[in-house]
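First the structure, in the form of structure tokens, and then the observations on it.
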Amino acid sequence: MDIASLIGVILALGLIFSSIALGSAPFAAFIDIPSFLVVVGGAVAAALICFPFGSMLRSPIVILKVFLNKSEDRLALIKQIVDLAETARRDGLLALESKVAGIENPLVRTGIQMAVDGSTPDVVEEVLRTEVEAICARHREGKGIMDQMGRFAPAYGMIGTLMGLIMMLQDMSDPSGIGAGMAIALITTLYGAIIANVFFSPFAEKLGLMSRKEMISLEIAIRGVMAIQSGESPRAISQKLRTFLPPKQRNAE
Amino acid sequence: MDIASLIGVILALGLIFSSIALGSAPFAAFIDIPSFLVVVGGAVAAALICFPFGSMLRSPIVILKVFLNKSEDRLALIKQIVDLAETARRDGLLALESKVAGIENPLVRTGIQMAVDGSTPDVVEEVLRTEVEAICARHREGKGIMDQMGRFAPAYGMIGTLMGLIMMLQDMSDPSGIGAGMAIALITTLYGAIIANVFFSPFAEKLGLMSRKEMISLEIAIRGVMAIQSGESPRAISQKLRTFLPPKQRNAE
Amino acid sequence: MDIASLIGVILALGLIFSSIALGSAPFAAFIDIPSFLVVVGGAVAAALICFPFGSMLRSPIVILKVFLNKSEDRLALIKQIVDLAETARRDGLLALESKVAGIENPLVRTGIQMAVDGSTPDVVEEVLRTEVEAICARHREGKGIMDQMGRFAPAYGMIGTLMGLIMMLQDMSDPSGIGAGMAIALITTLYGAIIANVFFSPFAEKLGLMSRKEMISLEIAIRGVMAIQSGESPRAISQKLRTFLPPKQRNAE
Amino acid sequence: MDIASLIGVILALGLIFSSIALGSAPFAAFIDIPSFLVVVGGAVAAALICFPFGSMLRSPIVILKVFLNKSEDRLALIKQIVDLAETARRDGLLALESKVAGIENPLVRTGIQMAVDGSTPDVVEEVLRTEVEAICARHREGKGIMDQMGRFAPAYGMIGTLMGLIMMLQDMSDPSGIGAGMAIALITTLYGAIIANVFFSPFAEKLGLMSRKEMISLEIAIRGVMAIQSGESPRAISQKLRTFLPPKQRNAE
Amino acid sequence: MDIASLIGVILALGLIFSSIALGSAPFAAFIDIPSFLVVVGGAVAAALICFPFGSMLRSPIVILKVFLNKSEDRLALIKQIVDLAETARRDGLLALESKVAGIENPLVRTGIQMAVDGSTPDVVEEVLRTEVEAICARHREGKGIMDQMGRFAPAYGMIGTLMGLIMMLQDMSDPSGIGAGMAIALITTLYGAIIANVFFSPFAEKLGLMSRKEMISLEIAIRGVMAIQSGESPRAISQKLRTFLPPKQRNAE
């Protein structure tokens, strides 16, 4: 599990809170519930307009994925593929039937099942690539929600600030109130900037990176299945797939 | 029907109105008809310059589509294609002639009609792909109008604010009027930000998403027609097309 | 002729002028010739640096094209191509020689002339595609000039405003002059925003759209010529090319 | 030689200087050497971080190219290629050996030399395309330096203004000095905007356009060499290459 | 070693420090440790959210690479490849086995080793291209960290300034403190701008350029290995690969 994202969020919030604590103003000066509702609610509302309900409901899970992203064990995946290739080499493709249920990687499982069922390599590859395309589209939608939240949070922050300024300008009779009014107006912009730059924009970036990495694992799975079906030697398959590993891992047992 | 967009618009406007209601300024302070005309009228005018009249007249329908977007029933589409494939397998391609009129999906209907009429697969595919390209161009234009409205609304908001500031600066003799003048100047910027971030920018985003999803259904239709024409078995067609469904739906009856 | 662009410009200017007329400040407060020269002259100067003289001289014609864009009559083009195909079918390709001079569409004329002269289909297609690429490059340059004008006008507006502010700040001895000085400083920003958002940015957008539409007509012409040369039946050609028409027009006589 | 760029720079600077001359403030109010150093020096420094020393040293030559860009004589290039093709047709490819030294265009020279030396067409094309790719990379780097200067100049202008504002705010005891302090602070932003919008951004745009045009000449050269080597008739080569000329030039002697 | 980057950083910082030294305010006015922590810490925190821990730990090495980027000796690489080609020509591919250990370039080493081991050219090329893709992904991640730091530093600068303004506005009782409060608020924006424009943005640009150049060397290596394996003559290989050199170096011994 990579906890860099968690450390990052804690560090960013820690810096912001401690610099408020070090400042002269009381902590309460930075808290304004209606402002918070306009910014967070506005960003959520805008995202609801952009994305279907189902995708929005799944977005907390997407955020959880940012924090819990377990690093992919490509080596184990390659080992399992090579293992399957050895069985196929020794006992024929049909011998893999009994092993299908035990394959963890869904793409490999689907591919091997199809190969055992007698689908031609072309069909197997087409089905697997369509599947990868669908996974990629789901990732893009998850990242898209974060991107839009990171874009709409500052926009609603600005809307809140403009409303605050207009209210303040309506009533300039009491000069001592101007400063406080302006401070409250600025709080929505601050909230928008924090929400975008501590949460959603970095989350979107991370999801993009995670997706690109998962795509490589999926590519390994597809190439592995295709190689097994075409009867390549386990040693050749291992060599080919290990190219996807970083150099250090490549010669691991 | 996916009502997320409707909920989103209501939520966004609700937040804005209630935060005005909670504020100290009267509601009237946020209403200025000329400002509204400059921002909305300006955005519409700029879009009129960009797009042909016909497309502009169709844009309310495009907006309606955002709210009424019925989720595509890909499973039903696949079932119908498989059904047609079974008839073709059993009774020959020509037997589909009697069924053409009953096909709902226009792309499948055109394709099957052409196949029955004896067009070669190459020609059928070319015609269907040109059709999809034309649909895609119409979607792009609809999304383009929303994108431009979402871009010009804040621009005309800024133009209005600059005009308001220049007016205010002309007459600084009465200091008490400065605040009110500035408030009115800022209202166009507020309107521009609200119009862009509650309506047009999220609409454009949604239309892009809807278009990408419809493209997948169109791809299913094209691949289905091609598979029927090339005489693939209904079972193989079903397997291939179901790859486009989310995993849960894939094994549905 | 599509007059949407003309209506758009009139509407946008009308809104701006009437909101000035409704305001408290005299009309003269919004007129400052030197400011106008800095913004328009600056944008023209910057575009002159970017583009060759000849292209700049042609740009008024490009702007005229935005207003006079006559909708392409694709149906007539297809009919003429089908007509040529019928002659070629009946009397042979060489029979088209007498008709070449009467072909309006320059691309079709060039292509048929080459076919009659005995060029191979490969050469004909290469020549026509190079021609289309050249047309596309000319369109891109025309759109590019509008894009750059729409980008440099606000930039020179900001330069003017900064110069105005620096002048004003030099002489703060007379407080009553500050407002007027600032108003004049802001006028260049206003001019820049109006010039970009009423004229050049929407013009660039429109030119892009017009170019994409013309590209489709050019594609029809190329495919038509290729089909005639390869001796396809007029009926097949008609069917193939009509796919490029919107569904309603497709079955027109 | 196209002097549009020179006229553009003179026009832009003329407008700026004359609008200062027309203003109330003395010319000296717009001159501040340290501000100028921060903006220009900062932009140069940032570009030095981005690009290797050699590329930076060549950038004055790149700027000179913007002003001196002689229009490419594509017609002459085509004529020379057709001339070579005639010799090759009449006396064989080897007869070109004596003419190689007299070929001005380096790409044509390299290609013909290789053809004479007996390289296969595949190798010749690969070598010429790699060469074009390298030229394109050099152009991209030259344009990149201008782009970055046009991006960093305003950034360092803003850095200078922020430093100026902080200095001014330190010492608000003398209200009469505030205006002057602020004026000086704004000068760096003005310098940054002028440097970016009069010089580097338009230069980058122009270089991009020039590069795209040169690419077409290089394409003519490659296609000409390939056609000569494959023994096409001079007339066919002339017809094919003239497609790259604007219609008016196409039938020139 | 190209020290342009080092000179650039020193020049940029020198300009900033000397323009502070020339100014009226004491140097201390520009130092505020909490502000520095918010900006740098915030940018690091945001990058931590975006990127895995391992990549973040490697980023100082990436920055070092910007300063120490030794120019690639493509000529030496080509000479070694030609040398290997000569051995292969003379004594057969297997004769390269003894030389593998002495090959510096890891891509050439891997490729030759595979060729000697009897892998087919297709497999060798696939493995080498996958390797290059992995190197490219690592470069993209390194550049990505710099890009994000250069984007988040100004964002956290703005967050700091907003917090400072809100604090200042809370306490407007003492007018003399307003200037100082505002100065401190602006310092975070200044820090953000400096950190982005002196360090991370130019670093990202440089890394992109370095990566593009390294890609060319890797392409030389791949093409060289493929040419050796397919038994091309050393002279032809030399000619082909030297096309990747700048013209001046091409005829070097």
Could you check C:Gly150 against (1) touching a Lys or Arg at 6+ places or on another chain (Cβ under 9 Å); (2) more than 19 Å from C:Val82 (Cβ to Cβ) and say which number it fails?
(1)
Can you pull out every residue in the range B:118-159 that is over 22 Å from B:Val66 (Cβ atoms) and of a type in the set (Asp, Glu)?
B:Asp122, B:Glu125, B:Glu126, B:Glu131, B:Glu133
In the range E:111-123, what count of residues is obtained for those that are in contact with a helix residue (DSSP H, G or I) (Cβ under 8 Å, 6 or more places away or on another chain) and more than 14 Å from E:Leu93 (Cα to Cα)?
1
Against the condition among the β-branched types (Val, Ile, Thr), over 14 Å from the mean Cα position of the chain (by Cα) and surrounded by 15 or more Cβ atoms within 10 Å (Cβ to Cβ), how does B:Ile7 come out, does it pass?
yes
Given the criterion closer than 26 Å to D:Leu209 by Cβ and modelled with pLDDT under 95, identify the matching residue among D:Val62, D:Val40, D:Val44.
D:Val62
Which condition number does B:Val132 fail, the rest of (1) touching a Leu at 6+ places or on another chain (Cβ under 7 Å); (2) within 14 Å of chain A (Cβ to nearest Cβ); (3) of a type in the set (Val, Ile, Thr) being met?
(2)
Please indicate, with yes or no, whether at least one residue in the range A:149-159 is out of contact with any helix residue (DSSP H, G or I) (no Cβ under 6 Å at 6 or more places or on another chain) and outside any helix (DSSP H, G or I).
no
Residue pairs, Cβ under 7 Å, 6 or more apart or interchain, first in the range A:121-133 and under 14 Å from A:Gly224 (Cβ atoms), second outside any helix (DSSP H, G or I). List them.
A:Pro121/A:Ser230
Just to check your reading of the model, which residue among D:Gln239, D:Gln249 is modelled with pLDDT under 90 and closer than 27 Å to C:Leu48 by Cβ?
D:Gln249
Residue count for the range D:148-174, restricted to those that are surrounded by fewer than 21 Cβ atoms within 10 Å (Cβ to Cβ), more than 23 Å from the chain's Cα centre (by Cα) and either without any contact (Cβ under 8 Å) to a residue 12 or more places away in the chain or more than 7 Å from every other protein chain (Cβ to nearest Cβ) (or both)
5
Can you report the number of residues in the range D:1-44 which are more than 9 Å from every other protein chain (Cβ to nearest Cβ) and touching a Leu at 6+ places or on another chain (Cβ under 7 Å)?
1
Single condition B:Ser18 does not satisfy, out of (1) part of a loop (DSSP other than H, G, I, E, B); (2) at pLDDT 90 or above
(1)
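Scan the range D:45-72 for residues that are within 14 Å of chain E (Cβ to nearest Cβ) and not small (Gly, Ala, Ser) and jot them down.
Within the range D:45-72, the subset within 14 Å of chain E (Cβ to nearest Cβ) is D:45-59.
Correct list: D:Leu48, D:Ile49, D:Cys50, D:Phe51, D:Pro52, D:Phe53, D:Met56, D:Leu57, D:Arg58.
Of everything in the range D:135-147, what is free of Cβ contacts under 8 Å to residues at least 60 places away in the same chain and surrounded by fewer than 16 Cβ atoms within 10 Å (Cβ to Cβ)? Give them in sequence order.
The answer is D:Ala137, D:Arg138.
Within the range A:214-240, take every residue that is among the acidic types (Asp, Glu) and in a helix (DSSP H, G or I) and give me the one that is nearest to A:Ile63 (Cα to Cα).
A:Glu214
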Find all pairs meeting these conditions: Cβ atoms under 9 angstrom apart; at least six residues apart or on different chains; first residue within the range A:50-78 and free of Cβ contacts under 8 Å to residues at least 24 places away in the same chain; second residue of a type in the set (Val, Ile, Thr).
A:Phe53/B:Ile3; A:Phe53/B:Ile7
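Of all residues in the range D:9-49, which are of a type in the set (Phe, Trp, Tyr) and without any contact (Cβ under 8 Å) to a residue 60 or more places away in the chain?
D:Phe17, D:Phe27
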Can we say A:Asp122 is surrounded by fewer than 17 Cβ atoms within 10 Å (Cβ to Cβ), of a type in the set (Asp, Glu) and more than 10 Å from every other protein chain (Cβ to nearest Cβ)?
yes
If you go through the range C:26-33 one residue at a time, do you hit one that is closer than 23 Å to B:Ala45 by Cβ and either modelled with pLDDT of 95 or more or assigned to a loop (DSSP other than H, G, I, E, B) (or both)?
yes
Just to be sure before I move on: is A:Ser211 away from chain E (no Cβ under 11 Å), part of a helix (DSSP H, G or I), among the hydroxyl-bearing types (Ser, Thr, Tyr) and out of contact with any Cys (no Cβ under 8 Å at 6 or more places or on another chain) in the structure I sent?
no
Pick out the one residue from E:Ile78, E:Ile145, E:Ile166 that is farther than 30 Å from A:Phe17 by Cα and in contact with a helix residue (DSSP H, G or I) (Cβ under 6 Å, 6 or more places away or on another chain).
E:Ile78
Out of everything in the range C:220-253 that is surrounded by fewer than 17 Cβ atoms within 10 Å (Cβ to Cβ) and in contact (Cβ under 8 Å) with a residue 40 or more places away in the chain, what residue ends up being farthest from C:Arg90 (Cα to Cα)?
C:Gln249
Scan the range E:120-176 for residues that are under 30 Å from A:Pro175 (Cβ atoms) and of a type in the set (Val, Ile, Thr) and jot them down.
E:Ile159, E:Thr161, E:Ile166
Give the residue, chosen from A:Ile220, A:Ile194, A:Ile187, that is at pLDDT 90 or above and within 30 Å of A:Asn105 (Cα to Cα).
A:Ile220
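The values are calculated or read from the model by the stated rules, or taken from the named source; none is laboratory data. None of these values were measured; they are calculated from a predicted model. Backbone-built Cβ (ideal geometry, glycine too); neighbour counts: all protein chains shown.
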